[in-house]
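Peer 1: To start, I am sharing the structure in question, which I have written as structure tokens.
The values are calculated or read from the model by the stated rules, or taken from the named source; none is laboratory data. All values derive from a computational prediction rather than experimental measurement. Here Cβ is always computed from backbone atoms with ideal geometry, including for glycine, and neighbour counts include all displayed protein chains. Areas reflect the complete protein model, heavy atoms only, side chains present, ligands, DNA and RNA absent. Shrake-Rupley method; radii C 1.70, N 1.55, O 1.52, S 1.80 Å.
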Amino acid sequence: ALVYLALGSLEIARGHAAHAREYFELQHDDRWLAHVTETEAQIALGSGDLAGAIRLALEARTLADSSSDRKAAVSATLTLGRAQQARGDLVAAEATLSQAAELARSLGRRGQLQAVLGAWSEVKAEQGDLAGAYALSREALDAGRG
């Protein structure tokens with residue numbers, strides 16, 4: 001589904017995500033449902049459905065927390081922050097992305113940390129805090145060096 005989302009094929013992405021949701025619901029697998037739900041949140045965000053993206057990201061975060069899947073928790077929190085930013089709620093987006101960065105740092109997930117810091121730096125820049133945006137961008141670059 002994420003490949004089709006990246007290619008801009010939202011309907012195909014939705015179909016794949018729906019199929020995955022059905023499968024993991026039948027398996028009663030909250031861990032994988034967290035990932036599927038976060039994917040659905042990204043699809044909603046990509047289609048401009050900000051309310052749906054926020055609702056799905058929060059649902060994914062709940063599923064991730066209940067299944068102790070911290071990777072899914074970081075992804076869901078990142079998607080939530082991006083949806084809040086797209087909605088224009090920069091204060092909420094900054095708080096959410098700060099939380100996502102803290103979690104990614106604690107896990108040592110460099111790729112996720114870089115994505116979170118990049119999104120957070122965009123929020124800082126949009127708020128006019130160019131020094132803060134620069135600091136986050138530097139941290140993202142340093143994280144990539146391992």
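Peer 1: Considering the range 1-38 alone, what residues qualify as being polar (S, T, N, Q) and either open to solvent by less than 20 Å² (accessible area, probe 1.4 Å) or touching a strand residue (DSSP E or B) at 6+ places or on another chain (Cβ under 8 Å) (or both)?
Peer 2: Scanning the range 1-38 gives a single hit, Thr37.
Peer 1: Taking the stated definitions as given, is Lys71 surrounded by 15 or more Cβ atoms within 10 Å (Cβ to Cβ), among the basic types (Lys, Arg) and over 29 Å from Tyr4 (Cβ atoms)?
Peer 2: In short, no.
Peer 1: While we're looking at this one, here's another question. Scan the range 74-83 residue by residue and report those that are open to solvent by 10 Å² or more (accessible area, probe 1.4 Å) and touching a Leu at 6+ places or on another chain (Cβ under 8 Å).
Peer 2: Those that are open to solvent by 10 Å² or more (accessible area, probe 1.4 Å) and touching a Leu at 6+ places or on another chain (Cβ under 8 Å): Leu78, Leu80, Arg82.
Peer 1: Restricting to the range 86-112, count the residues that are assigned to a helix (DSSP H, G or I) and open to solvent by 20 Å² or more (accessible area, probe 1.4 Å).
Peer 2: 17
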